[in-house]
Amino acid sequence: MRIKLTLNSENTPFLVPFNYQPILQAVIYKVISKIDREYSKNLHQNGYWNAIDGKHYKMFVFSDLLLGKRQAQPPYLCVYNHQIEWLLSSPMSEFLQNIVNGLFKIPVIRIEKCMFHIEHVETLAEPNFSSIMKFKCLSPITVSTKENNNGKIHIKYVTPDEEDLFSAIINENLRNKYKRYKAEEPGERNVTFTFDKDYITKKIIGYRG
């Protein structure tokens, strides 16, 4: 299930730091703690344990802020919209219920010095999935794996150019989360990815510029 929040800023324009994602994650735990402090603490520290593979998963995702018109003023983004949006998603009903109920107990969301009033909370319709689909991510996908380099374990971050490895790692992650959610093996289901190279090139060039 997906939830869309519509937020109104107290001041326009306003500044948010480039690296605001950890703040959003902290907001999620704070909202949940208003309803169930123990659940929030356990989710933060441990996540959901998968008895099949012995790993822990958070089982939720959230988008970047959909800021609209903005301009870089390092280390901040200067945003000119009065209204912004934010999306959260999870298959876990307990997570979603705590989020929605917790939002009614928090009058504002704070990101550094910026205060946002919660104007609207909306549950989005489930998408109709087909065997071939095109997606535009609302936040970057970070994919990594562990490598043994002369007896030392290093984290290797996988780029979209490594499509086979990228797909394999995401497949494993999705299958493990499916097993945690359904408590069963996903069978022969697999997902492969190809990337819009023009879009990636455009985003990299825009970032460097």
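Here are some notes:
- Selection of the range 4-40 for residues being under 15 Å from D64 (Cβ atoms) and of a type outside the set (S, T, N, Q) yields K4, L5, L7, V16, P17, F18, Y20, P22, I23, L24, V27, I28.
- Comparison of K105, K113, K146, K134 shows that the only residue that is among the basic types (K, R) and closer than 23 Å to Y80 by Cα is K113.
- So N11, is it out of contact with any Phe, Trp or Tyr (no Cβ under 8 Å at 6 or more places or on another chain), touching a residue at least 60 places away in the same chain (Cβ under 8 Å), farther than 24 Å from C137 by Cβ and loosely packed, with under 13 Cβ neighbours inside 10 Å: yes
- Considering (1) surrounded by 14 or more Cβ atoms within 10 Å (Cβ to Cβ); (2) over 27 Å from A183 (Cα atoms); (3) in contact with a strand residue (DSSP E or B) (Cβ under 7 Å, 6 or more places away or on another chain); (4) of a type in the set (S, T, N, Q), the lone condition that N81 does not fulfil carries the number (3).
- Breaking point among (1) outside any loop (DSSP other than H, G, I, E, B); (2) loosely packed, with under 14 Cβ neighbours inside 10 Å; (3) without any contact (Cβ under 8 Å) to a residue 24 or more places away in the chain, for I132: (1)
- The numbered conditions (1) under 22 Å from W49 (Cβ atoms); (2) surrounded by 10 or more Cβ atoms within 10 Å (Cβ to Cβ); (3) without any contact (Cβ under 8 Å) to a residue 60 or more places away in the chain are all true for K179 except (3).
- Filter result for Y48 (of a type in the set (S, T, Y), touching a residue at least 40 places away in the same chain (Cβ under 8 Å) and more than 17 Å from G102 (Cα to Cα)): yes
- Test: I32 is in contact (Cβ under 8 Å) with a residue 12 or more places away in the chain, of a type outside the set (S, T, Y), in a helix (DSSP H, G or I) and buried (at least 18 other Cβ atoms within 10 Å of the Cβ): yes
- Conditions (1) outside the structural domain of K41 (by TED's automatic domain parsing); (2) in contact with a helix residue (DSSP H, G or I) (Cβ under 8 Å, 6 or more places away or on another chain); number of the one not met by M92: (1)
The rows are residues; the columns are (1) at pLDDT below 95; (2) within 27 Å of K136 (Cα to Cα); (3) hydrophobic (A, V, I, L, M, F, W, C).
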site	(1), (2), (3)
N19	yes, yes, no
E38	no, no, no
W86	no, yes, yes
V100	yes, yes, yes
I109	yes, yes, yes
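- Matching residues, the range 89-127, being surrounded by fewer than 16 Cβ atoms within 10 Å (Cβ to Cβ) and assigned to a strand (DSSP E or B): V108, R110, H117, E119, H120, V121, E122, T123, L124
The values are calculated or read from the model by the stated rules, or taken from the named source; none is laboratory data. Nothing here was measured: the structure is a model prediction, and the numbers come from that model. Virtual Cβ from ideal backbone geometry, glycine too; neighbours counted across all protein chains shown.
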